[in-house]
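A.B. asks: My questions will all concern the structure given below.
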Amino acid sequence: MHNERMRRGKRRFDDDDRGFADKRRALATARLATTDETAMPGTGDRWSTWDDAQRGPQPYPSWLVTELSAVDTELGVLKTGKEADVHLIERAVPGTGAACVLAAKRYRGSDHRLFHRDSGYLEGRRVRKSRELRAMANRTAFGREVIAAQWAIAEFAALGRLWSLGAPVPYPVQLAGTELLLEFIGSAGGQAAPRLAQLRPDSGELRDLWGQLVDAMVLMAGDGLTHGDLSAYNLLVQDGRLVVIDLPQVVDMVSNPRGLEFLDRDVRVIAKWFDARGLPPEVADPTALVDLLKAEAGLA
Ligand SMILES: Nc1ncnc2c1ncn2[C@@H]1O[C@H](COP(=O)(O)OP(=O)(O)O)[C@@H](O)[C@H]1O
Ligand SMILES: [Mg+2]
């Protein structure tokens, strides 16, 4: 539906002499006026979806292209998974130098791990319309879309909250349906940052990464949160900087009756990875870290 509407526009609005509101009105008119489906943006695959999407926290980062005349171009696939596919896209204003690279995480409406995962996590999440509830329960195609959109909503909310706390997470650019656009963690040339699991850090790097992880977990615990699916696959490392990703199932340790179980699991999984890579056990001590995080969350 989005794409269809995006394809209709023809004019571009690169001229800066008109006001923002004028440009926006003119762009909307242009998009609606033409029914010529071949009238794609001159370059790119769709118009920027920034206008219709729910946006990330303000202030917007300076690298983000927020012009409504921008177009999105698919650059390739970063990863396909059971629950979501992650694509690399460029959002750019044609004819200008303004461009940024984004990760598009698109939740699928058709997999099993998601269903398995949602049984515990989505419990208690409110869905108002009973038609949606029935469709979700019966796993109709529509119901699966609703579930996928809920995961996208949950991850967008978690990233916004964590970003605003100053946690090392990708900036959540926007949410539209089952698609999240995120700050791309990688090189300017489009090379994605490796997952921690792919790295073999030396002992100094290992200590440094562990320190960054503890800081991030302390920050989250201070807000009552633990990741909920923490592993060396959900941590990226860009030029030595640790970034926490994949947060739709973030757990509120205070309100979730199984909160401490998730905290315990998160800590043990990740401490085990660091331990196996040679970080001394007295540094990667899971019991001490759980105690510290419980205290941060006010649960000690
Ligand atoms: N913001 C991002 N920047 C760069 N790569 C990303 C980003 N988000 C996800 N990826 C890549 O996509 C993979 C899958 O993303 P993730 O959020 O873990 O989804 P899932 O594990 O549910 O499929 C990650 O392991 C990472 O390689
Ligand atoms: Mg993941």
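A.B. asks: By accessible area of protein heavy atoms, probe 1.4 Å, what ranking do 233, 171, 60 get, highest first?
C.D. replies: 233, 60, 171
A.B. asks: Still on this structure, please answer the following. So how much accessible area does residue 294 have, in Å² to the nearest 10, using a 1.4 Å probe?
C.D. replies: 60
A.B. asks: Could you work out the per residue convex hull volume over the alpha carbons of segment 239-279, in cubic angstrom?
C.D. replies: Normalising the Cα hull of segment 239-279 by residue number yields 91 Å³.
A.B. asks: Run the 1.4 Å probe and let me know the accessible area of residue 287, rounded to the nearest 10 Å².
C.D. replies: Roughly 80 Å² of residue 287 is accessible to a 1.4 Å probe.
A.B. asks: Which value, in Å² rounded to 10, gives the accessible area of residue 46 with a 1.4 Å probe and all protein chains present?
C.D. replies: 30
A.B. asks: Could you calculate the FRET efficiency of residue 141 with residue 58 from 1/(1 + (r/R0)^6), where r is the beta carbon distance between them and R0 is 35 Å, rounded to 0.05?
C.D. replies: 0.45
The values are calculated or read from the model by the stated rules, or taken from the named source; none is laboratory data. These numbers were taken from a predicted model, which means no experiment stands behind them. Every residue, glycine among them, receives a Cβ derived from its backbone with ideal geometry; neighbour counts consider all protein chains shown. Ligands, DNA and RNA are excluded from the accessible area calculation, which covers all protein heavy atoms including side chains. Shrake-Rupley method; radii C 1.70, N 1.55, O 1.52, S 1.80 Å.
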